[in-house]
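Right, one structure below, let's go through it.
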Amino acid sequence: MSETQFGFETKAIRTQLERSQYQEHSVPLYLTSSFLFEDAEDMRASFAEEKEKNIYSRFSNPNTNEFIDKICQMEGAEAGYAFATGMAAVYSTFAALLNSGDHIVSASSVFGSTHTLFTKYFPKWNIETSYFNINEPETIENFIQPNTKILYAESPTNPAVDILDLKYLGKIAKKHSLLLIIDNCFATPYLQNPIQFGADLVIHSATKLIDGQGRVLGGITVGREDLIREIYLFSRNTGPSLSPFNAWVLSKSLETLAVRVEKHCENALKVARFLESHTNVELVKYPFLKSHPQHEIAKKQMRLGGNIVAFEIKGGIEAGRKFIDKIKLCSLSANLGDTRTIVTHPASTTHSKLTEDERLAVSITDGLVRVSVGLETVQDIIDDLKQALE
Ligand SMILES: *Cc1c(COP(=O)(O)O)cnc(C)c1O
């Protein structure tokens, strides 16, 4: 049986390094900055890339290689490169592939730091970005220019859990010869594989559900081999590489990704159903609730609904802040995708610098609360939300 025929969980558990002379069952940690050469010829051939060999851990390392191999298997990707953070992956991917004068078409609702990259830093190098409204995907083609090179989106989006039709994005990208890049962080490789729908590259912040236990930062880009080659060459010279230790932690995390994400999604659906039945809640957004505006699309491209539930509390900003103050069990924290349930109120925190109109353009209403549902006993999560709502 070839590796690609194995199921998702088997790939996550059995894709690993060859064992050393000690025949260890668990993969050891290779904390080394560089690797030895046999002789002058070995050194020459290694640098000439005539053989696959680790030279220096900024280029590659056995632990990062294992992490990359696993994600490639899970996403159905040809190749990948691992980064110190999700943002290092986003930045390096764009910086490696774009030239001055190029143009990006992006979904309006993307991760905050990604938005800052597009609006504040890329214009310094004459790279401009146009945004299509995530609620009007039929307008995407209006934003495409002769110099557009990349179509970029996240699905589900942060924090409002909107869904974009990946197959549709894939079609548009193909028609206009654009690279389709998807940040698949909220879905994880277990729930959704964008390459299947035409994505050329997939980016993950491994900090979130991939680690899943709030310990380490990490990021990765996987996809077409020719593009990854460019990203690799850029990165081995600029140095955003993932540390071997974090790669080791993340490779271990991947072995339990499927069971963790299953349970996250089961808890999240129960939390979403509870919220939907509560009188102080105006609206609940969860991709696998029938009431979600893009429920049908979500069901076509995702295995389950994910762990993020967004809801609108009655009473706007003040009610949102009061709710947060009454939370006892859940954490108030900036992370997501942890075993611990995390509650945030975007309008008074992460998105407080935007005007109300800007917030509404990305579906952030004043009373929007985002819950990253964790793995605690689900009734305890529900009880905490319930007492805070009353
Ligand atoms: C967190 C996050 C990132 C950035 O990842 P870091 O590891 O924090 O740098 C990028 N995209 C999305 C969707 C995220 O949630």
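The values are calculated or read from the model by the stated rules, or taken from the named source; none is laboratory data. This one's a predicted model, so the numbers in the text were calculated from it and none came from an experiment. Note: ideal-geometry Cβ built from the backbone for every residue, glycine included; neighbour counts use all protein chains shown.
Assorted remarks:
Let's see how each residue does on (1) within 16 Å of the ligand (Cβ to nearest atom); (2) touching a helix residue (DSSP H, G or I) at 6+ places or on another chain (Cβ under 6 Å); (3) acidic (Asp, Glu):
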{"position": "270", "(1), (2), (3)": "no, yes, no"}
{"position": "277", "(1), (2), (3)": "no, no, no"}
{"position": "309", "(1), (2), (3)": "yes, yes, no"}
{"position": "326", "(1), (2), (3)": "no, yes, no"}
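- On inspection, residue 179 qualifies as under 13 Å from residue 152 (Cα atoms) and more than 15 Å from the ligand (Cβ to nearest atom).
- Residue in region 16-35 that is farther than 19 Å from residue 245 by Cβ and at pLDDT 95 or above present: no
- Qualifying residues in region 212-224 (those that are buried (at least 23 other Cβ atoms within 10 Å of the Cβ) and part of a loop (DSSP other than H, G, I, E, B)) - the one farthest from the ligand (Cβ to nearest atom): 212
- Filtering 290, 263, 252 for residues that are farther than 29 Å from residue 67 by Cβ and either out of contact with any Ser or Thr (no Cβ under 6 Å at 6 or more places or on another chain) or not hydrophobic (A, V, I, L, M, F, W, C) (or both) leaves a single hit, 290.
- Only one of 254, 227, 250, 233 that is buried (at least 22 other Cβ atoms within 10 Å of the Cβ), in contact (Cβ under 8 Å) with a residue 40 or more places away in the chain, more than 12 Å from the chain's Cα centre (by Cα) and more than 14 Å from the ligand (Cβ to nearest atom): 254
- Scanning region 103-121 for residues that are part of a helix (DSSP H, G or I), within 19 Å of residue 178 (Cβ to Cβ) and touching a residue at least 60 places away in the same chain (Cβ under 8 Å) yields one hit, 114.
- Here residue 278 meets the list (1) outside any loop (DSSP other than H, G, I, E, B); (2) touching a strand residue (DSSP E or B) at 6+ places or on another chain (Cβ under 9 Å) almost entirely, failing just condition (1).
- Taking the listed residues 124, 149, the one that is more than 16 Å from the ligand (Cβ to nearest atom), assigned to a strand (DSSP E or B) and surrounded by fewer than 22 Cβ atoms within 10 Å (Cβ to Cβ) is 149, with no other qualifying.
- Residues in region 369-390 that are surrounded by fewer than 24 Cβ atoms within 10 Å (Cβ to Cβ) and not in a helix (DSSP H, G or I): 370, 375, 376, 377, 390.
- Residues that are within 12 Å of the ligand (Cβ to nearest atom) and part of a helix (DSSP H, G or I), drawn from region 62-102: 86, 87, 88, 89, 90, 91, 92, 93
- Among the criteria (1) more than 14 Å from the ligand (Cβ to nearest atom); (2) among the small types (Gly, Ala, Ser); (3) farther than 26 Å from residue 298 by Cβ, the one residue 243 does not fulfil is (1).
Every residue, every condition in (1) touching a Gly at 6+ places or on another chain (Cβ under 7 Å); (2) modelled with pLDDT of 95 or more; (3) part of a helix (DSSP H, G or I), yes or no:
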position	(1), (2), (3)
259	no, yes, yes
270	no, yes, yes
273	no, yes, yes
306	no, yes, no
321	no, no, yes
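- Candidate set: region 133-146, residues that are without any contact (Cβ under 8 Å) to a residue 40 or more places away in the chain and not in a helix (DSSP H, G or I); chosen: the one surrounded by the fewest Cβ atoms within 10 Å (Cβ to Cβ): 146
- Which listed residue, of 331, 291, is surrounded by fewer than 15 Cβ atoms within 10 Å (Cβ to Cβ), touching a residue at least 12 places away in the same chain (Cβ under 8 Å) and either within 16 Å of the ligand (Cβ to nearest atom) or outside the structural domain of residue 188 (by TED's automatic domain parsing) (or both): 291
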